[in-house]
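The values are calculated or read from the model by the stated rules, or taken from the named source; none is laboratory data. Fair warning: this is a prediction, and the values are worked out from it, not measured in the lab. Here the Cβ is made from the backbone with ideal geometry for all residues, glycine too, and neighbour counts use every protein chain on show.
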Amino acid sequence: MFDPRLIVLQPTAFCNIDCTYCYLTNRNDRRLMSPAVLDAVCSKIISRLDPNSTATLVWHAGEPTAAPIGWYEDAYRRLSCSPPSITFAMQSNGIAIDERWIDLFCRTGTQVSISLDGPQPFHDSRRLTRNGKPTWHLALRGLKRLQQAGRSPSVITVLHPQGLNSGREYYEFYRDNEITDVSFSIDELEGHHTKSSFDSLDYKPLMTSFIAGIMRAAYRDGFPLHIREIERIAHILAGNTSLANEQVEPWASIVVAADGKVSTYSPEFMEVNAPSYDSFVFGNILDGDIEDFARSEAFRRTKAEIETGVAACERQCKYFAICGGGAPVNKYCESNFLSSTETNFCRLSVQASADALRSFLSDGRPAAIR
């Protein structure tokens, strides 16, 4: 048995919208994951999990709801081999979610996270339909439907530098829409997305202030806003080792694409063109298993270089205890080296969150948000 913490299954690469910062290279591909791939996932991955596994299986990449509900009905039947402790989740743009989807989520215990980039002007400037129309009202409709059904979806917000001086607006958006679980990210330089809006300047101080300000506002109002990056750091500092960095451990994170291709480490590796590493595709679940993939030359090279980078991070970085060595995909996409150390993504995600938490805890009393 082995013990991955995250299993990412990609039902389809297709996405029904066209975000300006999307990193997916094949988001026009409508092919669905076949029953044979699902059966191989069950026999070669799921059935080998420890009976007490706490792994999360996430439907992701492209837009998962672009696959028909009937496909999921069959998929859940095929994955009935899953240990009872495994968690099912879906990352969705929320646009297609209606009562039928909510019924599926309730029956299967699937947790849902919605991609929603904050207040309408910030969301609609970059998350667009295929014909260039805004999507904020559609995503918010999906969120409200879930909430009205008694579900409490989490939210992932991708930030842009233009929003970092608008912490009050972001906080009030979360508060007024009863969003209590949020994760912040940036438009990363990876895959199809070859330039980040955060590349030009050092935005770490502004990002730190943005996050700390939202924390202060939530504390002031008594609003139970959970910021995942902050809570992960707090749990690690409290000794919770289960939240270690799965992106630097082989097979702690497993990604299976719609056609059965398998990768590990950073889930976004599946979208990276890197011929000298076999583009981080280490095999296909239809004709091999994890032990086969681990023997490939590309995997062994990837593993060695990631370990070199992690060791360098440990020597050089004061944030290592809460980071664990960064995200390999960002190291490669930003520097072309898996063995590199600090990335812009690290500065703006891990480091800014840690500094925001320290700033918040050092306050004699929470200050008003800027």
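Residue by residue, here is whether (1) of a type in the set (D, E, K, R); (2) surrounded by fewer than 22 Cβ atoms within 10 Å (Cβ to Cβ); (3) on the phi < 0 side of the Ramachandran plot holds:
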{"position": "Gln91", "(1), (2), (3)": "no, yes, yes"}
{"position": "Asp103", "(1), (2), (3)": "yes, yes, yes"}
{"position": "Gln111", "(1), (2), (3)": "no, yes, yes"}
{"position": "Leu116", "(1), (2), (3)": "no, no, yes"}
{"position": "His123", "(1), (2), (3)": "no, no, yes"}
{"position": "Arg126", "(1), (2), (3)": "yes, yes, yes"}
Just to be sure before I move on: is Ala238 modelled with pLDDT of 95 or more, more than 22 Å from Ile186 (Cβ to Cβ) and of a type in the set (A, V, I, L, M) in the structure I sent? no
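Out of Phe293, Phe337, which single residue is of a type outside the set (Ser, Thr, Tyr), farther than 30 Å from Arg220 by Cα and part of a helix (DSSP H, G or I)? Let's see the steps before the verdict.
On the way: Phe337 fails: part of a helix (DSSP H, G or I).
None of the others qualify; the one that does is Phe293.
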Can you find even one residue in the range 50-62 that is touching a residue at least 60 places away in the same chain (Cβ under 8 Å), hydroxyl-bearing (Ser, Thr, Tyr), in a loop (DSSP other than H, G, I, E, B) and within 30 Å of Pro161 (Cα to Cα)? no
For residues that are more than 15 Å from Gln162 (Cα to Cα) and either in contact with a Lys or Arg (Cβ under 6 Å, 6 or more places away or on another chain) or not in a helix (DSSP H, G or I) (or both), tally how many sit in the range 203-231. 7
Looking only at the range 277-315, which residues are among the β-branched types (Val, Ile, Thr) and in contact with a helix residue (DSSP H, G or I) (Cβ under 8 Å, 6 or more places away or on another chain)? Val281, Ile285, Ile290, Thr302, Ile306, Val310
Unique match (being of a type outside the set (Gly, Ala, Ser) and modelled with pLDDT under 95) among Pro51, Pro64: Pro51
Please work out which residue is surrounded by the fewest Cβ atoms within 10 Å (Cβ to Cβ), limiting yourself to the range 72-89 and to residues that are in a helix (DSSP H, G or I) and within 23 Å of the chain's Cα centre (by Cα). Tyr76
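Can you name every residue in the range 17-47 that is more than 19 Å from Ala257 (Cα to Cα) and surrounded by 14 or more Cβ atoms within 10 Å (Cβ to Cβ)?
Ile17, Asp18, Cys19, Tyr21
Here are some residues: Ile233, Ile179. Which one is surrounded by 18 or more Cβ atoms within 10 Å (Cβ to Cβ) and more than 30 Å from Arg141 (Cβ to Cβ)?
Exactly one of Ile233, Ile179 is surrounded by 18 or more Cβ atoms within 10 Å (Cβ to Cβ) and more than 30 Å from Arg141 (Cβ to Cβ), namely Ile233.
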Restricting the first residue to the range 303-316 and requiring it to be surrounded by fewer than 18 Cβ atoms within 10 Å (Cβ to Cβ), which pairs with a second residue that is part of a helix (DSSP H, G or I) meet a Cβ separation below 7 Å and a spacing of at least six or different chains? Glu314/Phe320
Against the condition crowded, with 23+ Cβ neighbours inside 10 Å, in a helix (DSSP H, G or I), aliphatic (A, V, I, L, M) and at pLDDT 95 or above, how does Leu348 come out, does it pass? yes
Among the listed residues Ile227, Ile156, which satisfies the condition of being over 22 Å from Cys19 (Cα atoms), touching a strand residue (DSSP E or B) at 6+ places or on another chain (Cβ under 7 Å) and at pLDDT 95 or above? Ile227
Return yes when Met207 is touching a strand residue (DSSP E or B) at 6+ places or on another chain (Cβ under 8 Å), closer than 30 Å to Glu169 by Cβ, crowded, with 17+ Cβ neighbours inside 10 Å and of a type in the set (A, V, I, L, M) and no when it is not. yes
Enumeration of residues in the range 278-301 that are surrounded by fewer than 22 Cβ atoms within 10 Å (Cβ to Cβ), in contact (Cβ under 8 Å) with a residue 40 or more places away in the chain and either under 24 Å from Phe14 (Cβ atoms) or under 23 Å from the mean Cα position of the chain (by Cα) (or both): Leu286, Ile290
Within the range 23-60, can you find the residues that are out of contact with any helix residue (DSSP H, G or I) (no Cβ under 7 Å at 6 or more places or on another chain) and among the hydrophobic types (A, V, I, L, M, F, W, C)? Met33, Ala36, Val37, Ala40, Val41, Ile45, Ile46, Leu49, Ala55, Leu57, Val58, Trp59
Residue hits (the range 28-49; in contact (Cβ under 8 Å) with a residue 40 or more places away in the chain and of a type in the set (D, E, K, R)) are Asp29, Arg31, Lys44, Arg48
The lone exception for Ser196 - which of (1) in a helix (DSSP H, G or I); (2) crowded, with 20+ Cβ neighbours inside 10 Å it fails: (1)
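When only residues in the range 302-333 that are outside any helix (DSSP H, G or I) and not charged (D, E, K, R) count, which is nearest to the chain's Cα centre (by Cα)?
Ala327
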